[in-house]
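The values are calculated or read from the model by the stated rules, or taken from the named source; none is laboratory data. For clarity, every value in this text was computed on a predicted model and none was experimentally measured. As a convention, Cβ positions derive from the backbone with ideal geometry for all residues, glycine included, and neighbour counts pool all protein chains shown.
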C-alpha cells in the first residue's frame, strides 16, 4: 500500500503568520504519524502579488520551524497549461461560460432586484451570487464581445453541472486525532452559484488549480483551515467533472487575531518572522498555536 500524501500550500503574497505555522506543523505531524509524505506547493497564480522575496521568506521560516518536505516544490505559475487543459475540457462540454458583467454592473443589478423585493442569495462567504445573465447570450455575441476586448471571466454553470452529475455529492472528513476515522459530509455546491474558474488574463483560479494539483501530486489527505470547509463542495464538483480522485479532508481550527478575526498577512504582530526577530524560538511558536513542543 502506498503511503499517504499530505501537502502544505501557502501563497507567496505576504509573510507567514501563526495560522500558517499551525497548518504547516499540523500537516507535518499528521504525515509523520501516518508514515506518510509531505509536499510543499506554492500557490502563486496571482503573479502580480506573489514575489521571490515572499517565497524565500516561506522557505526560511519553515526551515526554522524544523519542517522537512520533498523536492521539487511545485509552483502553480509554472503549470498554467495543466489548468488550461482542464478548463478546455469543461468548455468543450458546455459547462462553463464567459461572464462579462463588471463588479459595478453586478452591484447595480442586485440593487435593482432587491429594491423590487427580491432577497438576493449570497454564497457561504457572504458574497452575492453572480446573476448569470450572460448565459442567455448567443455564441456569436460571445465571440464578438471577446474579439472586441471585453473583459470576462470563465464561470462554472452550476445549474448545468448539477444536472449533469445528477446525484448528491459528499466528501470524507477526518479528525486530527485519527486520520483513519472518516465521517461523510454532504456537499452543497449549489450554495456557491456560478463560481469563477479562470479569467481572461489568468487561466485558472484557486478552485480549479487546487483540484488539479491535488490529483497530479497524488494528495490523499488535505489538511487546511476551517475557512475552506464550505468551498470543498466546489472542489468535489470539479473532481467529479474532471474524473479526479477525491482526497480525505481535515479542516482545522483557525488561529485568531487580537480582534477575534482570522489572521491576515497584513497583521505584522502575528507574523512569524517578526516574532522570531523579537526573540521567539520555534517551541515558543508551537506553544502560541497550541501544539506541544517537540
Open item on the list: Let me confirm something: among 115, 99, which residue is within 23 Å of residue 198 (Cβ to Cβ) and over 20 Å from the mean Cα position of the chain (by Cα)?
Closed with: 99
Task: Top-ranked residue of the stretch 186-202 - restricted to ones that are touching a residue at least 60 places away in the same chain (Cβ under 8 Å) and assigned to a strand (DSSP E or B), ranked as farthest from residue 161 (Cα to Cα) - done: 198
Open item on the list: Show the residue pairs meeting these rules: Cβ distance below 8 Å; 6+ apart or different chains; first residue within the stretch 164-180 and closer than 20 Å to residue 290 by Cβ; second residue in a loop (DSSP other than H, G, I, E, B).
Closed with: 174/180; 174/181; 175/181; 179/4; 179/34
- [ ] Could you please let me know if residue 217 is surrounded by fewer than 20 Cβ atoms within 10 Å (Cβ to Cβ), under 21 Å from residue 38 (Cα atoms) and either within 14 Å of the chain's Cα centre (by Cα) or touching a residue at least 24 places away in the same chain (Cβ under 8 Å) (or both)?
- [x] yes
Task: Hey, residue 189 in contact with a helix residue (DSSP H, G or I) (Cβ under 8 Å, 6 or more places away or on another chain) and over 16 Å from residue 130 (Cβ atoms) or not - done: no
Open item on the list: Being under 17 Å from residue 10 (Cα atoms), assigned to a strand (DSSP E or B), in contact with a helix residue (DSSP H, G or I) (Cβ under 6 Å, 6 or more places away or on another chain) and at pLDDT 95 or above: is that true of residue 207 here?
Closed with: no
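With respect to residue 11, determine if the residue is in contact (Cβ under 8 Å) with a residue 40 or more places away in the chain, within 27 Å of residue 202 (Cβ to Cβ), touching a strand residue (DSSP E or B) at 6+ places or on another chain (Cβ under 8 Å) and crowded, with 19+ Cβ neighbours inside 10 Å. Talk me through it step by step, then tell me what you get.
Numbers: in contact (Cβ under 8 Å) with a residue 40 or more places away in the chain: no; within 27 Å of residue 202 (Cβ to Cβ): yes; touching a strand residue (DSSP E or B) at 6+ places or on another chain (Cβ under 8 Å): yes; crowded, with 19+ Cβ neighbours inside 10 Å: yes.
No.
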Open item on the list: For the structure I just gave you, tell me whether residue 285 is touching a strand residue (DSSP E or B) at 6+ places or on another chain (Cβ under 9 Å), touching a residue at least 24 places away in the same chain (Cβ under 8 Å) and under 27 Å from residue 60 (Cα atoms).
Closed with: no
Open item on the list: Please count how many residues of the stretch 50-64 are part of a loop (DSSP other than H, G, I, E, B) and surrounded by 18 or more Cβ atoms within 10 Å (Cβ to Cβ).
Closed with: 1
Open item on the list: Between a residue in the stretch 71-99 that is in contact (Cβ under 8 Å) with a residue 24 or more places away in the chain and on the phi > 0 side of the Ramachandran plot and any residue that is surrounded by 13 or more Cβ atoms within 10 Å (Cβ to Cβ) and not in a loop (DSSP other than H, G, I, E, B), which pairs come within a Cβ distance under 8 Å, given they are 6 or more apart or on different chains?
Closed with: 94/160
- [ ] Could you run through the stretch 240-272 and say how many residues are part of a helix (DSSP H, G or I), at pLDDT below 95 and surrounded by fewer than 19 Cβ atoms within 10 Å (Cβ to Cβ)?
- [x] 2
TODO: Just give me the residues in the stretch 15-49 being buried (at least 20 other Cβ atoms within 10 Å of the Cβ), out of contact with any strand residue (DSSP E or B) (no Cβ under 8 Å at 6 or more places or on another chain) and in a loop (DSSP other than H, G, I, E, B), in sequence order.
DONE: 45
Open item on the list: Please go through the stretch 222-238 and give me each residue that is surrounded by 20 or more Cβ atoms within 10 Å (Cβ to Cβ) and part of a strand (DSSP E or B), ordered by number.
Closed with: 222, 223, 224
Open item on the list: I need a count of the residues in the stretch 136-179 that are over 21 Å from residue 197 (Cα atoms) and touching a helix residue (DSSP H, G or I) at 6+ places or on another chain (Cβ under 7 Å).
Closed with: 2
